[in-house]
1. Among 184-190, 85-91, how do they line up from the highest to the lowest mean number of other beta-carbon atoms within 10 Å?
2. To the nearest Å, what is the center-to-center distance of the stretch 43-109 and the stretch 158-211, using C-alpha atoms only?
3. Could you check the spin-label model distance between R74 and E162? Points 7 Å from the Cα along Cα→Cβ, value in nm.
4. Could you give each residue of the stretch 74-85 its phi-based ³J(HN,Hα) in whole Hz, using Karplus coefficients 6.51, -1.76, 1.60 with θ = phi - 60°, and x for Gly or Pro?
5. Obtain the nm distance between the two label points defined at R81 and R179 by a simple spin-label model: each point lies 7 Å from its Cα along the Cα-to-C-beta direction.
6. Which ordering of S198, S192, S80 is given by a fewest-first count of other beta-carbon atoms within 10 Å?
7. Residue by residue through the stretch 207-212, what is 3J(HN,Hα) from phi via Karplus (6.51 cos²θ - 1.76 cosθ + 1.60, θ = phi - 60°)? Round to whole Hz and write x for glycine and proline.
Amino acid sequence: MSAKRLPPNRPRSLHTLGCMVAACSLAPMALAADNPGAHEHGHARLQMAVEENRIDLMLNSPAYNLAGFEHGARTEAEKSRLADITRWLETTPLVNTAAADCRVTAAAVELGGEDENHGGETHHGHDKHDHHKAEHHDEGHHDEEHHGEATHREYDVSQQLECNRIDADQEFTSALMERFEGMEELTVEWVSPSGQGSARLTPSNRAFTVNN
């Protein structure tokens, strides 16, 4: 089955996803980040709702983690890179079982954000201390900031997966950090009819268990 794109008004919160898959029978979720507006390179957030063999997913990540830049695509190479990223996000399950038996049945990818003039002020999501952490930004990103183009762009991705089987204590892995070297840490927050939980994934530890 080929993946179809979700409508523009798709659910925007994990609690809404939980209501979709469990008829709002799950306990209210309190999984929102302390600062949902934070924009931290290297870090991303994945929300996951599991019901029987269906999984609903929402990913939020700074564009820098996936593309290596956050300005609008300026060259053909950058345009091609963004197109490749979109195709990957639309067709590759953001999580999968060890048997890789989950498939994308619907997906939507949005790249949005804001462009600001520096004006000498620290832009949203970064304090002055962050600007001195050169290890977190490549030379191109510094050039972008110093030339007065403060850019905050983020990927919002929604997926629906169908899996052949999801066991009671199912282990999942995510291919995100294998595919995108700029992603250093992925916070996964999940809800299922059996409860809820969270995990922090890194490139060396990409597995987590969901009680279903």
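1. Working: 184-190: 20.4, 85-91: 16.4.
Ranking the peptides 184-190, 85-91 by packing returns 184-190, 85-91.
2. A separation of 13 Å, based on Cα centres.
3. Once both label points are built, they end up 4.5 nm from each other.
4. 10, 10, 5, 5, 5, 4, 5, 4, 5, 5, 5, 4
5. 1.6 nm
6. So the residues, fewest neighbours to most, are S80, S198, S192.
7. Each residue of the stretch 207-212 in turn: 10, 8, 10, 10, 7, 10 Hz.
Throughout, read-outs are computed from the coordinates displayed, never taken from laboratory work. Computed from a predicted structure; not experimentally measured. All Cβ positions, glycine included, derive from the backbone under ideal geometry; neighbour counts span all protein chains shown.
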